[in-house]
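A.B. asks: Just passing along the structure, written as structure tokens.
What follows draws every value from the coordinates through simple rules; no lab data is involved. In this text the structure is predicted, and so the values were computed from the model without any measurement. Cβ sites come from the backbone with ideal geometry, for glycine too, and all protein chains shown count toward neighbours.
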Amino acid sequence: AKILNPLIHRAGRAAASGHRVAGGHASGDPMEHRDARRAGDPAGGSGSDAVDAGELHFLLLHYLRGLPTPESADAFERYATSAGLLPRRHDVFGGDHAQSYDELAAKYPHVTHDRLVRLVSQAAARDTGQAGHAIQHKGVLSWPVGRGGTGLADANDVAGALGVGAETLGGAASGTEGYPVSKTGTDFRVAVEAARTFAARVDLTKLTLAALRRGKQSTTCVPVSLLGSRINPLTTIKGHRKELYCVIFDKTGTQIVTGSDDTLVKIWCASTGLLRHSLRGHTGEISFLDVNCANTLVASGSFDYTVRTWFLESGIPAAVLQGHQNIVSEVRFCPRSARVLLSASWDQTLRVWDAFADSATSPPTVLKLYAVEGELDGGGGGAGIAGTTGVTAAPAGTPSVAVAETLEEQRVLAAAAATAARAVQDRAAEAATAGIQQIEPDPPVGAVMCTAWSVDGTLFACGTTTCKTHVFSVPESVLTSDKEGAVDPTEINLVPMTGGHLHDVTSCAFSNSGELLLTSSRDGQAKIWERGYRPETVVGKKGKPLDKTKQPGVGCWKVRAVLTTPADVEALRRQARARRGPVVYAVEQAVWSSDDQYVLTAMSDFTVRVWSVAGGTLVHTMRLHTNKVHVLQCHPHDSRIAMSAGHDGIVAVWDVVSGRCVRTYDGGEFDTLVLDGSWSPCGTSIVVSDEKGQWCLFGTGCGVHVSRAKHEQFFESEFVLETEIARDAETGALSLAANPDVPFHEQFLAARNRLVDSLGNPYGEPYQSAFQQKRLIGVVPSSGTRVEPPKCVGAKEAEEATFAAGGGGGGAPPPA
């Protein structure tokens, strides 16, 4: 009674003064209130700035059901049901229906009986204005659990406080093309509202880069174990017929983009799990995906030596970029310019493209790394490990290695690349026909394996198989310009670097502050680089170099710290007894924490290791995985949280500070290999992919809205044979051979491109009609066999598994 009295008293005063309470009217007629809400009256609670009164009534009834007073709960339930006070359900045909308490309780199992008590308790401890703002914008059931302004509600569940997501018809609350979305929409209104809320609570003048680097400004609000317990498996969708090596979120977290070995790129709705677009054009496996900063384009690199860009909302091809003479390893958009696209290839080159124009009309700027490395190693062209000592970048005064391709050069290179890629594919097809097992090709000497942009977009780096890392600078004026075409080669400058690795560079990443660079290598080391100066070689009159102390400094990147795993004494003893040399475990990947205080590395011994950036020392060795770890990402906002996944089928959420695993999802029982994964931009969802062509979504919502989607989702256009498709030799554009004048995507518009299963059988009605009209399936169940997501393991079981594997950061095992 003491907890509820303030809320009831405040509601009574508002009713007496004629104001609305919690999104409802002061009028005592519940039918009038319901009609006003249905009509879209802002005062009725249907606006994005009000709380659904039906949710409050459900919370109150749910609380009464948890008390040892069934009579009072029965009385309130009879009144609420007869007056229509409980939340209503909308079906796919436009009607709405009343829901009983039992249906709501089964629909939202994550809502506990004491949810209302906890919310009111938090309201008493909060500032009144801040609490009201949180309720007003989030909804009472999506109110943050911890202190601060960051909640645990999924971005897809913001629209409804019960976490139902966008359970509306494709009309009033629909996004582009009629897709149902949450009340916040699919555009950047979410970011605008979040920025306003953040600015109202935090002094932005104190958020300097130095303060962020020192970790003085903390944005965390909940315990790591609590966040881990709220992330649950939501759904598993099969949309590809071969291995799914690429999966990412778009910049808003409302869409998921996948790329597979079946040569297809697909775009999905993250809130419903429905397939939006199937992008066909590549003839080889998809190697990398990225979305530009404006959230308008998605780029894909492929084993067919090409790069393609597509419009994210419509799925229409934007550009075909040809010219690489080997596999495209990575493609990355500049974080400051929506047009500038960087691609890396095994042909020892980087290319900077205009992502909105075909390469046939707008040739790229080419950075020939083999010319730089050959010059640095005495003209040997592509040096190996023996040429890694000393300076690994061009000395000061070296002309830029960037050159602009002419249209004639672009035409010749595109034709040569197409011929070479087709020959490789023909050989692979012949081997498959003969029953010969295919082996993944090894990258050649000088291949570019990884790239990275700095946060401000003025620097980009790459790592190669010649043990070298190169850094290039681009003026900010070029990035802010609206000029079409590739970046002028004279604007790209090579920045010297001192030192290098002893084996292939596997990853590179700039820090979130942009002041440091992190590289990892198969030599068992990760290195942190910082901006510095080195002496410039100046020759005197007699041909002798001047005294170094009197020479001017030249800007460069120099090694700040080397992260090397300490030797295991027992392992060294075993190796000595076996008369074997010491085993050096390769660093497969290295990433920064969100506050740049930690570096996490994935090792070839299946461990994840945490390093302190300040001291360059090893903090934790986290053991859980039993196979290669190919996915390692830190939380986008909370520096204490990281996620890893690997070929053992395990997805793990880690507490970086304590070195403990707080949540695991084991897909090993399905014989699943996790190939890729990513955090959502808001940090409340995780998506991973496997070798069966499936992607699995984990999140903090209840998952009811995504569970209605079909497990197998394909389009009829995907089953058109390659022999029936005509490809333009110069532009790479697609069309049907029977009708070459009409582009391929126009012949399979959404209205005629039916949703089918993996065998090409169309789904029946009313599911097919509802899908074509891009409306949520409210009453149609998802029939057919479903592959369930990996089962989740609690925090206690996760810790026990960690200690059983020999990890846990050196602490004592949890009590029984």
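A.B. asks: Starting from the Cα of residue 432, step 7 Å toward the Cβ, then list every residue of region 231-246 with an amide N under 12 Å from that point.
C.D. replies: What the label zone holds, given the 12 Å backbone N cut-off, is 241-243.
A.B. asks: Kirkwood Rh over alpha-carbon pairs of region 725-770, then Stokes-Einstein at 4 °C and 1.567 mPa s: what D in µm² s⁻¹, rounded to an integer?
C.D. replies: So the translational diffusion coefficient is about 105 µm²/s.
A.B. asks: Would you mind putting 402-412, 354-364, 522-532 in packing order, based on average other-beta-carbon counts within 10 Å, highest first?
C.D. replies: Ranked from most to least packed, the peptides come out as 354-364, 522-532, 402-412.
A.B. asks: In addition: Please compute the alpha carbon radius of gyration of region 243-312, then divide it by the globular-protein estimate 2.2 N^0.38 Å. Two decimals is fine. It would help to have the intermediate numbers written out before the result.
C.D. replies: Numbers: Rg = 11.1 Å, N = 70, 2.2 N^0.38 = 11.1 Å.
So the Cα radius of gyration is 1.00 times the expected 2.2 N^0.38 Å.
A.B. asks: Could you give the Stokes-Einstein D for region 397-533 in µm² per second, using the C-alpha Kirkwood radius, 4 °C, 1.567 mPa s?
C.D. replies: Using the Kirkwood radius from Cα pairs, D works out to 72 µm²/s.
A.B. asks: If you don't mind, there's one more thing I want to ask. With each label point set 7 Å from Cα along the Cα-Cβ vector, what nm distance links residue 498 and residue 110?
C.D. replies: The answer from the label model is 5.2 nm.
A.B. asks: P(r) for region 690-748, please, calculated from all Cα pair distances in 5 Å bins and given in %.
C.D. replies: 4, 13, 19, 14, 10, 11, 12, 9, 6, 2
A.B. asks: Rounded to a whole number, what is D in µm²/s for region 285-372 from Stokes-Einstein with the Kirkwood radius over alpha-carbon pairs (37 °C, 0.692 mPa s)?
C.D. replies: 259
A.B. asks: If you add up the charges near residue 336, with Lys and Arg at +1 and Asp and Glu at -1, over every other residue whose beta carbon is less than 10 angstrom from its beta carbon, what do you get?
C.D. replies: Taking every other residue near residue 336 into account, the sum is -2.
A.B. asks: Quick one: divide the alpha-carbon radius of gyration of region 496-535 by 2.2 N^0.38 Å and tell me what you get.
C.D. replies: Computed over Cα atoms of region 496-535, the ratio equals 1.20.
A.B. asks: May I pose another question? For residue 118 and residue 604, FRET efficiency with R0 = 56 Å and r from the beta-carbon atoms, rounded to 0.05?
C.D. replies: 0.80
A.B. asks: Further question: Which shape class, rounded, prolate or oblate, goes with region 633-688 when its Cα gyration tensor gives a ≥ b ≥ c as root eigenvalues, a/c under 1.5 marks rounded, and past that a/b bigger than b/c marks prolate?
C.D. replies: Oblate, since a/c reaches 1.5 and b/c is not below a/b.
A.B. asks: Follow-up question, since we're still on this one. Please say if region 234-284 is rounded, prolate or oblate, where rounded means a/c under 1.5 for a ≥ b ≥ c the square roots of the C-alpha gyration tensor eigenvalues, and otherwise the choice is prolate for a/b larger than b/c and oblate otherwise?
C.D. replies: prolate
A.B. asks: Measure off 7 Å from each Cα along the Cα-to-Cβ vector at residue 408 and residue 69, then give the distance between these two points in nanometres to one decimal.
C.D. replies: So the two model labels end up 9.1 nm from each other.
A.B. asks: For region 277-328, what are Rg and Dmax over the alpha carbons, in angstrom?
C.D. replies: Using the Cα atoms of region 277-328, the pair Rg, Dmax is 10.6, 31 Å.
A.B. asks: Hey, rough spin-label estimate for residue 442 and residue 583, points 7 angstrom out along Cα→Cβ, what's it come to in nanometres?
C.D. replies: With each label point 7 Å from Cα toward Cβ, the separation is 2.0 nm.
A.B. asks: Moving on. What full-extension length gain, to one decimal in nm, is calculated for residue 488 and residue 425 as 0.36 nm per residue of separation minus the Cα-Cα distance?
C.D. replies: 19.2 nm
A.B. asks: Also: Quick one: which of 266/628; 266/692; 107/238 span more than 22 angstrom between C-alpha atoms?
C.D. replies: 266/628; 107/238
A.B. asks: Among 430-438, 289-297, how do they line up from the highest to the lowest mean number of other beta-carbon atoms within 10 Å?
C.D. replies: 289-297, 430-438
A.B. asks: Mind ranking 344-351, 271-278 by how tightly packed they are, going by the mean number of other C-beta atoms within 10 angstrom, highest first?
C.D. replies: Put in order of decreasing packing, that is 344-351, 271-278.
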